[in-house]
Structure formats: C-alpha cells, structure tokens
Amino acid sequence: MGNELSACWVIFSFSFLVALSGAMSPGPLLTYTIIKSASTKQRGYLTGLWVIIGHALLESVIIIFLLLGFSFILKHQMVVRGIGIVGGIILIFFGISVIRDVMLKKISADFAAVSQNSSSGRGLDNPVFGGIMVSLSNPYWWVWWATIGIAFMIQFDISFASWTKLLAFFLGHEAGDLAWYLLVSTLSFFGLRKLNPKVYSGILLGCGVFMAVFGLYLGISPFFQKL
C-alpha cells in the first residue's frame, strides 16, 4: 500500500510539473482566459477555473481514447491539418470579434463587463464551453497528447488496470493547468480593472490581434511541417 501511494505521488508530482510548464507557454487558451477574465462583470477571477473544467472534460476523453489505442489517429497528417484549418477559423473569428468590439468602443469603460451588444462573447461566452472549443481548435494540443502525453503514460504505466495511477496522472495534470490559469484569471480580473480605460482597451486589442494571428498560424503551419 505504501509503495502504491508513493508511486501515485510521484506520478501526480511529475504530471503537475509537466502540465504547469505547458500551461505557462503563451497560446490561444491563455489569451482567451485573459480576455474572458477581464471582461466578466462578476467573479471574473474564477474564469480560469471554469476554463480548465472544460479543458479537463476534453482531456478526460482524449486520455480514454489514447488508452484504447487511438494515438495513431492524432498523428495522422490530414487530421492535424484539418484541425488546424477549422481551429484557425474559430480563433480568427474570436480575435476579430474582440478587435471590433474594442474599436467600436463596445468594451465597458468601467471594466465591469463587455456590453450586451458586444459580439466578442458569441459562441464562446460560456468559459466551460470556451475551454473545450479553444482547446479543440489547437492542433498542437492534439499533437502534444499524441507524443508527450502518451509517452508519459507509457513511462509510468498508466492504464485502466491501475486506476489509482490513472487518477493520479489526471488529477496532477489538471492541477497544474488550474494553478496557472486561476492565477492568470485572478490577476486579469483585479489587475486590469485598475488600469486606465485606454490601457485596458489596448491590452484587449493586443489579445484580440494575437488570437487572430495565432489562428492564422495554426491554420497554415501544419502544411509546412512534417508531422
């Protein structure tokens, strides 16, 4: 029993650190979290929690598929390219929506919320749903799971046969994501609200531009790489 608990703690710790290092890298999910946290009227500091809940739901599904032996699908070049195109379009649309709202001054000047006429939240207004969709839109998230993720699972013998190891791996991974994204949403909600309205709008404009450009990058980059 002691050895099993020790092994689970090791798996949890390594899974936490690997997930944390990945979560801290700039990307569309991080940008989406900043935008939603800063533009949410009440309890925006919890946006990171809701985003990661959606993200975790999706990752629980992909872990099951990987354990069932479907990792080869995620490595298929046409699959990654398809995800890149569709995901790129989603991110470009969201980024342009944010840019348009800022330019048309639909962002609330008191930092309390995006106005009811704002279009930046359409389709991704719910952060749980947004966490799922933005994660789905990133082909490199799929590639990470088909390479680093599955390698980690093999290294630590993660399987349905050992549910304690599987649970430690999953909880450690999601805890790493949650630790960073909850910090980001808290800082975004409380920090951006104290900024000058022009600075606040400028930050959201920069996030929107980044989201649109990153979406364009995700859409075309898989065609220039051998996966």
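The values are calculated or read from the model by the stated rules, or taken from the named source; none is laboratory data. Computed from a predicted model, the values in this text were never measured in an experiment. Here the Cβ positions follow ideal geometry from the backbone for every residue, glycine too, while neighbour counts run over all protein chains shown.
For segment 135-166, a residue qualifies if it is small (Gly, Ala, Ser) and more than 30 Å from Phe214 (Cβ to Cβ), and the qualifying residues are Ser159, Ala161, Ser162. Pull up segment 135-157, narrow it to residues that are polar (S, T, N, Q) and either under 23 Å from Ile89 (Cα atoms) or in contact (Cβ under 8 Å) with a residue 40 or more places away in the chain (or both), then point me to the one that is surrounded by the fewest Cβ atoms within 10 Å (Cβ to Cβ). Restricting to residues being polar (S, T, N, Q) and either under 23 Å from Ile89 (Cα atoms) or in contact (Cβ under 8 Å) with a residue 40 or more places away in the chain (or both), the top hit is Thr147. Whenever a residue of segment 50-61 is under 9 Å from Glu174 (Cα atoms), its partners that are in a helix (DSSP H, G or I) and of a type in the set (Phe, Trp, Tyr), lying with C-beta atoms within less than 7 angstrom and at least six residues away or across chains, give the pairs Ile52/Tyr181. Of all residues in segment 158-188, those that are surrounded by 18 or more Cβ atoms within 10 Å (Cβ to Cβ) and of a type in the set (S, T, N, Q) total 2. Within the set Gly44, Gly48, Gly2, the sole residue that is modelled with pLDDT of 85 or more and over 15 Å from the mean Cα position of the chain (by Cα) turns out to be Gly44.
What are the residue pairs meeting all of these: first residue in segment 10-22, first residue among the β-branched types (Val, Ile, Thr), second residue surrounded by 14 or more Cβ atoms within 10 Å (Cβ to Cβ) and modelled with pLDDT of 90 or more, Cβ atoms under 6 Å, and 6 or more apart or on different chains? Within 6 Å, the pairs are Ile11/Lys165; Ile11/Ala168; Ile11/Phe169. Of Gly172, Gly208, all but one fail to be at pLDDT 80 or above, in contact with a Ser or Thr (Cβ under 8 Å, 6 or more places away or on another chain) and closer than 30 Å to Phe14 by Cβ; the exception is Gly172.
So that you can scan it fast, the table gives a plain yes or no per residue for (1) among the polar types (S, T, N, Q); (2) in a helix (DSSP H, G or I); (3) more than 19 Å from Val143 (Cβ to Cβ):
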{"site": "Phe16", "(1), (2), (3)": "no, yes, yes"}
{"site": "Ser21", "(1), (2), (3)": "yes, yes, no"}
{"site": "Tyr32", "(1), (2), (3)": "no, yes, yes"}
{"site": "Lys36", "(1), (2), (3)": "no, yes, yes"}
{"site": "Thr47", "(1), (2), (3)": "yes, yes, yes"}
{"site": "Glu59", "(1), (2), (3)": "no, yes, no"}
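For Ser162, the conditions (1) over 17 Å from the mean Cα position of the chain (by Cα); (2) at pLDDT below 80 all hold with the exception of (2). So Pro197 passes all but one of these: (1) over 17 Å from the mean Cα position of the chain (by Cα); (2) more than 21 Å from Ile73 (Cβ to Cβ); (3) buried (at least 21 other Cβ atoms within 10 Å of the Cβ). Which condition number does it fail? Pro197 satisfies every listed condition except (3). Filtering segment 5-48 to residues that are more than 24 Å from Gly206 (Cβ to Cβ) and in contact with a Ser or Thr (Cβ under 6 Å, 6 or more places away or on another chain) leaves only Cys8.
The number of residues in segment 146-204 being closer than 22 Å to Leu20 by Cα and either in contact with a strand residue (DSSP E or B) (Cβ under 6 Å, 6 or more places away or on another chain) or among the β-branched types (Val, Ile, Thr) (or both) comes to 8. Here is a check on your reading of the model: is Ile203 in a helix (DSSP H, G or I), under 22 Å from Ile83 (Cβ atoms) and touching a residue at least 40 places away in the same chain (Cβ under 8 Å)? Answer is no for this residue.
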